[in-house]
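Heads up: the structure comes next, in structure tokens.
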Amino acid sequence: MTDLAARPSVAPRTGIPAQSRRDPARSALPLPEPELEAYADDFVAVVETLPDNRATIGCIVPAYNEEESIAEVLESLLGQTRLPDVIHVVVNNTTDRTVEFAAKYAGLHTRQDEQGVEQFTEVFVHDIGKNPDKKVGALNYGYTLVETMDYLLGVDGDTVADPRAVEFLEAEIVSDSRIGGISAIYSIDDRPFKGLVAPFLIAGQRAQFAAFNMQNMLRGRNMAVLGGQYSIFATKALRDAMTANHQTTPWVKDSEVEDSLLSLQIKSAGYLTKISARARADVGGMTTMRGLDAQQVKWNYGAIELMWPGQRGDTKGQPFHPNLRLRWLENFSMVMNAVSRVMFIALLVASLSIGAFVFSPIWLIPPAIAILLNLRIALSMQNRKARDVLFAVLLFPAEIYMWIRLGHFVRAWSKFASRKQVDNWAAQAKAERGAGHAYLTPLLVVLGVIVALVAIWTQLSPVVQSSILWVGWPVLGIITVVQTLTMFGSLVRRHHGYKV
């Protein structure tokens, strides 16, 4: 493990030109006024040519079993137009060859930028071995290495950014001292995948990220979550957040969503949390149902802990925090989506069973609005592919993905309601290794509910069945109208030229 001091990349100052230097004997005598003015002019001209001291950026790359991506991540960082001043790869709990692949990039890297100014950075690789705090421990270890620098750039071990990402992030955070952190615009890496499941899941995650990013951009670019995938933090803001919360480290291990909690703390310390207008990064996506389920359940569970009043472990519930308003809206939206879909299927099957269903073309309006909204989101993607557009306009892929998300949503709330102490980090790691079958739980529950409803329905009298349908369809109609108006409002809302 290498632990050398980080060296800021600051160009040396230029000396005074030879013609402006004077020998001591002569300088001791009063200069004639014209010569004094000429000397002053020369001195001012030289000072104006001196380069400003730029801010220093320390980059932290926490890595766990990233042998397939770490080389590409480091290549991306070393290819930035604005090099971080130092890059620390912090490998933890790894069982693959992440250290070996990262070590190939260790050492000093120099180059000249387009203006001919030399930039340099140094890459350090730290293998901290077994670490019970996992990613949080790696991030906090990295923080101790760069805490004296102006900014901390956090980059996940599977995230590759646009070549100007660091340049854009620095320009934005330096421009306003009120900003505590800025997140890049995330999308999911869309490299070719084999089979049917992986491309489908990647398309769904890309649409999900795009909708989330656009929501934040249209809220004054206020970002609820400074995702650890590719975000820059002012170290002063981190120190202030630590002081305000009596912490010795910026990230704490008792939260399922360490980046969401830190974002809340930075906001509470009086800083702004933003999403970049230009910096972009591609994140590694989940290509299996098992892995996606574990990741999304962990995210949802962690968000619920932050939203819910009271205490879960050492994570204080903050239901009225400004950064959680969007979270509440998302959860309410998921509840409405679940209720409307379950009611529609149940009422449709019940109506067909007694020959009482009458089709009305008006029911085609909600799916038509949904298709247009999905298409608009797809067209707002900076690097959209044909697959993204097809995912939106075919409706069924987006609908199937919504059912999958509803399963994650219900699983997360069920875990939280059980009040059991769970390690969702371990569950995600297990799922990514291809183990576990928890992702099948929602499907089994749905099948059980269907069987129960059918059994109950067949035992009801025709009068009761008709009464249920007479009440159920109007209630569903009201819910559907509200959802359709909400979707239409999002459809016609101006995007102000933003691309996600």
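Bear in mind that the values in this text are calculations on the coordinates, not laboratory data. All of these numbers come straight from a predicted model, not from anything done at the bench. Methodologically, a virtual Cβ is constructed for each residue, glycine included, from the backbone with ideal geometry; neighbour enumeration extends over all protein chains shown.
Observations on the structure shown:
- Rough spin-label spacing in nm, given labels placed 7 Å along Cα→Cβ, for Asp96 and Ala198: 1.2 nm
- Summed residue charge, Cβ within 11 Å of Val225's Cβ, Lys/Arg positive, Asp/Glu negative: 0
- For the range 305-403, the residue among Met336, Leu390, Val349 whose Cα projects farthest onto the positive side of the dipole built from Cβ charges is Leu390.
- Phi angles across the range 191-201 convert, under the Karplus curve 6.51 cos²θ - 1.76 cosθ + 1.60 with θ = phi - 60°, into 3J(HN,Hα) values of 5, x, 10, 7, x, 10, 5, 4, x, 5, 5 Hz, Gly and Pro given as x.
- Here the convex hull built on the C-alpha positions of the range 326-492 has a volume of 170 cubic angstrom per residue.
- Using R0 = 41 Å, the C-beta based FRET efficiency linking Ala171 and Met487 works out to 0.70.
- Ordering of 83-89, 446-452 by packing is 83-89, 446-452, highest average first (other Cβ atoms within 10 Å, averaged per residue).
- Listed by Cβ neighbour count within 10 Å, with the fewest neighbours leading, Met487, Met223 appear as Met487, Met223.
- Among the listed pairs Lys104/Lys135; Lys134/Lys420; Lys385/Lys499, those beyond 19 Å (Cα-Cα): Lys104/Lys135; Lys134/Lys420
- Within-11-Å neighbourhood charge of Gly154 [Cβ basis; K, R +1; D, E -1]: -2
- Protection proxy ranking of 290-298, 342-350, 242-250 - average other beta-carbon atoms within 10 Å, highest first: 290-298, 342-350, 242-250
- For the range 57-287, a Kirkwood radius taken over Cα pairs fed into Stokes-Einstein (20 °C, viscosity 1.002 mPa s) yields D = 120 µm²/s.
- All lysines inside 18 Å of Lys415 as judged from Cα atoms, apart from same-chain residues fewer than 8 positions distant: Lys298, Lys316, Lys430
- For the range 457-489, the residues whose backbone nitrogen is under 18 Å from a point 7 Å from the Cα of Ile362, taken along Cα to Cβ, are 469-488.
- Paramagnetic reach from Lys130 in the range 67-92 [backbone N under 19 Å; point 7 Å along Cα→Cβ]: 91-92
- For Leu395, no residue has an amide H sitting under 5 Å from its own, ignoring neighbours fewer than 5 places away on the same chain, with H placed 1.01 Å from N.
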